[in-house]
Amino acid sequence: MTQNAGEDYWLWWKHGVIYQIYPRSFGDSNGDGIGDLDGIRQHLDYLSKTLTVDAIWLSPFYPSPMADFGYDVADYCDIDPMFGDLEAFDRLLREAHDRDIRVIIDFVPNHSSDQHPWFRESRSSRNSPKRDWYFWRDPKPDGSPPNNWQAHFGGGAWEWDEGTAQYYLHSFLKEQPDLNWRNPEVRKAMFDVIRFWLERGVDGFRIDVAHSIMKDPELSDNPPNPTYDPAVDRPFDAILHTMDHGHQDVHEVYRGLRRMLDEYSTDRPRMMVGEIHIFDYPLWATYYGPQLDEFHLPFNFGLLQIEWRASEVRSVVDAVEDALRVSGAWPNYVLGNHDVHRVASRVGADQAGVAIMLLLTLRGTPTVYYGDELAMHDVPIPPEKIQDPFEILTPGRGLGRDPERTPMQWDTSPNAGFSRPGVETWLPIADDADRINVAVELEDSHSMLNLTRALLRLRRNEPALHAGSYAPIEAAPDDCFVYLRQLGDRRFLIALNFSHESRSLNTPFPRGEVLVSTGMDRSGPEKIDEFVLRPSEGCLIELE
């Protein structure tokens with residue numbers, strides 16, 4: 001059995017639920033077909049009263065040429081007019097705080113836009129005072145790039161600059177040059193960005209590609225990947241990415257950033273969560289810091305990468321618990337975000353309820369992607385509507401992220417209530433948005449939305465579900481995942497059936513009361529030692 005949350009379980013980032021918002025797709029207040037900050041503000045009551053989430057994470061809203069939809073930042077301390085202005089952000093922050101909702105914003109430290117004044121100055125001359133703010137290198141004697149590094153979005157990671165006759169490094173698009181965090185001026189400038197937003201009152205930061213900011217100092221070649229299969233793998237996977245991210249010096253950077261956050265936590269706790277794509281859990285856990293002095297939460301993406309089977313899910317949960325047992329670090333889980341296909345599309349509509357029950361009852365902080373509470377699914381994007389550069393640069397591989405970024409579905413009106421009637425939205429609305437939307441699902445007692453609301457209320461009101469221990473039940477059938485959450489004498493059994501057939505459970509507990517089932521059609525006392533789960537059913541049971 002794992003540890004409890006400890007005496008600091010009251011910390012909002014431990015006991016709470018984070019809700020990710022993709023600003024382009026949540027609410028369009030001005031009728032241009034693109035979501036904005038005022039559109040988010042107009043839906044705060046939905047977040048605070050209907051869902052009762054504790055924090056929102058906003059994907060980038062900074063001024064940007066939008067080569068990668070805001071992850072190419074041209075000014076870290078302002079708002080792109082597409083989304084509003086700093087006054088609109090301050091209104092959103094103030095009204096969110098009035099509802100006890102914390103606000104986490106995206107911070108993109110690995111790279112800027114090539115239109116950022118820093119890079120434009122750096123590019124102007126080899127003698128520019130900002131030349132070393134980015135990675136500029138001469139070609140090899142044969143004229144080829146400095147090393148074999150590859151860009152995430154396809155092709156090599158080095159772009160030739162004719163004006164200064166050198167290459168610059170870009171781990172993503174060529175419009176996203178990498179910043180050199182070994183330059184102390186860069187580090188100071190980026191820490192000043194964090195301070196700017198802390199002074200405005202933000203509660204936390206999601207750090208984009210957090211483990212990538214410190215590369216091998218010698219920029220050595222990455223070694224070949226011995227398991228690379230060109231028939232199924234993309235060229236990016238032909239090498240092992242051991243030199244272009246994750247250098248040990250990265251930990252010192254985040255300890256420094258953590259100290260700054262702690263300085264601002266005297267009035268209320270501030271936090272940071274890191275995007276870290278590491279699936280070696282002992283290595284992943286090092287990003288909490290040796291004294292829990294780095295990330296409050298390094299994002300755990302394990303459940304996004306596996307087959308949807310009970311044994312696979314349990315193996316991830318148990319591996320996370322094992323990795324954190326000694327340090328006492330706090331776990332976290334995600335099942336969806338703006339970079340992966342919708343959970344309802346990955347696991348199937350009949351398993352979506354099992355997925356949300358899993359996410360909201362595991363030990364640790366859950367992050368819910370907007371629309372997953374409705375079981376929104378991927379939306380097919382016609383070729384002429386494709387926006388994502390990942391799909392454009394790697395066609396035919398199914399890597400495009402547009403399908404999971406489509407507008408939020410609020411009601412049955414034109415454009416699903418996201419934008420005004422007659423407006424062309426930036427991505428298409430789902431064909432079945434007249435059935436899968438907030439207004440319709442609120443009226444349906446068996447809906448995914450009402451299941452999510454019931455789970456959120458229970459999680460908030462029962463300390464055992466947000467601060468209690470976790471223990472798997474070994475006697476569960478192979479295609480069921482059953483575990484116990486407990487704090488003091490309060491005990492809850494979560495039983496999840498990953499199969500499409502009924503399953504009988506033989507548990508060591510004689511009786512209990514079903515508080516929530518995924519079908520929202522089952523409740524009351526039951527004999528738990530002879531309990532039958534229906535196909536694709538999950539139950540949350542209070543034990544006697």
### Task
May I ask you to verify whether Thr365 is buried (at least 23 other Cβ atoms within 10 Å of the Cβ) and either without any contact (Cβ under 8 Å) to a residue 60 or more places away in the chain or under 17 Å from the mean Cα position of the chain (by Cα) (or both)?
yes
### Query
Just to be sure, is Tyr228 aromatic (Phe, Trp, Tyr), part of a helix (DSSP H, G or I) and touching a strand residue (DSSP E or B) at 6+ places or on another chain (Cβ under 9 Å)?
no
### Query
Can you pull out the residues in segment 34-53 that are in a loop (DSSP other than H, G, I, E, B) and either among the small types (Gly, Ala, Ser) or over 19 Å from Pro389 (Cα atoms) (or both)?
Gly35, Asp36, Gln42, His43, Thr52, Val53
### Message
With the requirement that a residue be modelled with pLDDT of 95 or more, among the charged types (D, E, K, R) and more than 21 Å from the chain's Cα centre (by Cα), what does segment 1-50 give you?
### Response
Asp28, Asp32, Asp38, Asp45, Lys49
### Task
Could you tell me whether Ala467 is surrounded by fewer than 22 Cβ atoms within 10 Å (Cβ to Cβ), at negative phi, at pLDDT below 95 and over 26 Å from the mean Cα position of the chain (by Cα)?
no
### Message
Restricting to segment 54-71, count the residues that are more than 21 Å from Leu92 (Cα to Cα) and not in a loop (DSSP other than H, G, I, E, B).
### Response
0
### Summary
Only one of (1) in the same structural domain as Arg24 (by TED's automatic domain parsing); (2) free of Cβ contacts under 8 Å to residues at least 60 places away in the same chain; (3) closer than 26 Å to Gln387 by Cα does not apply to Glu159, and that is (1)
### Message
On the basis of being aromatic (Phe, Trp, Tyr) and not assigned by TED's automatic domain parsing to the domain that holds Ile21, does Phe153 make the cut?
### Response
yes
### Task
For Asp216, state whether it is over 30 Å from Lys14 (Cα atoms), without any contact (Cβ under 8 Å) to a residue 40 or more places away in the chain and not in a loop (DSSP other than H, G, I, E, B).
no
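Would you check which residues across segment 528-544 are in a loop (DSSP other than H, G, I, E, B) and more than 20 Å from Ile356 (Cα to Cα) and list them?
Quick first cut of segment 528-544, residues in a loop (DSSP other than H, G, I, E, B) only: 534-537, 544.
Result: Glu544, single match.
Which residues, counting only those in segment 287-317, are out of contact with any Pro (no Cβ under 9 Å at 6 or more places or on another chain) and surrounded by 19 or more Cβ atoms within 10 Å (Cβ to Cβ)?
If the condition is that a residue be out of contact with any Pro (no Cβ under 9 Å at 6 or more places or on another chain) and surrounded by 19 or more Cβ atoms within 10 Å (Cβ to Cβ), then Glu294, Phe295, Pro298, Phe299, Phe301, Gly302, Leu303, Leu304, Val313, Val316 are the ones that fit.
Answer with yes or no whether Val232 is of a type in the set (Val, Ile, Thr) and modelled with pLDDT of 95 or more.
no
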### Query
Restricting the search to segment 411-430, which residues are under 15 Å from Arg24 (Cβ atoms) and either touching a Leu at 6+ places or on another chain (Cβ under 8 Å) or part of a loop (DSSP other than H, G, I, E, B) (or both)?
Phe418, Ser419, Val423, Glu424, Thr425, Trp426, Leu427, Pro428, Ile429
### Message
For the structure I just gave you, tell me whether Thr365 is assigned by TED's automatic domain parsing to the domain that holds Phe83 and within 26 Å of Gly35 (Cβ to Cβ).
### Response
yes
### Subset tally (residues that are in contact with a Phe, Trp or Tyr (Cβ under 6 Å, 6 or more places away or on another chain) and part of a helix (DSSP H, G or I)) for segment 360-380
0
### Query
Does Val202 qualify as being in a loop (DSSP other than H, G, I, E, B), among the β-branched types (Val, Ile, Thr) and either touching a strand residue (DSSP E or B) at 6+ places or on another chain (Cβ under 7 Å) or within 26 Å of Lys14 (Cα to Cα) (or both)?
yes
### Query
For segment 498-520, which residues satisfy the criterion of being farther than 16 Å from Leu451 by Cα and crowded, with 17+ Cβ neighbours inside 10 Å?
Phe498, Ser499, Arg503, Leu505, Thr507, Phe509, Gly512
### Task
Filter segment 403-415 down to residues that are over 18 Å from Leu47 (Cα atoms), out of contact with any strand residue (DSSP E or B) (no Cβ under 9 Å at 6 or more places or on another chain) and surrounded by 20 or more Cβ atoms within 10 Å (Cβ to Cβ), then give me how many there are.
4
### Task
Would you check if Ser523 is surrounded by fewer than 18 Cβ atoms within 10 Å (Cβ to Cβ), among the polar types (S, T, N, Q) and more than 30 Å from the chain's Cα centre (by Cα)?
yes
#### Entry: Matching residues, segment 269-297, being in a loop (DSSP other than H, G, I, E, B), over 25 Å from His338 (Cβ atoms) and without any contact (Cβ under 8 Å) to a residue 60 or more places away in the chain
Gly289, Pro290, Gln291, Leu292, Asp293
#### Entry: Any chance Ile79 is among the hydrophobic types (A, V, I, L, M, F, W, C) and not in a loop (DSSP other than H, G, I, E, B)
no
### Query
Restricting attention to segment 138-182, and to residues there that are more than 20 Å from Pro223 (Cα to Cα) and hydrophobic (A, V, I, L, M, F, W, C), which single residue is surrounded by the fewest Cβ atoms within 10 Å (Cβ to Cβ)?
Ala165
## Note on the structure
Residues of segment 381-408 being within 29 Å of Val440 (Cα to Cα) and part of a helix (DSSP H, G or I), in sequence order, are Lys385, Asp402, Pro403, Glu404
### Query
Within segment 429-486, how many residues turn out to be acidic (Asp, Glu) and in contact (Cβ under 8 Å) with a residue 60 or more places away in the chain?
3
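The values are calculated or read from the model by the stated rules, or taken from the named source; none is laboratory data. In this text, all values refer to a predicted model and were calculated from it rather than measured experimentally. Positions of Cβ are backbone-derived with ideal geometry, glycine not excepted, and every protein chain shown enters the neighbour counts.
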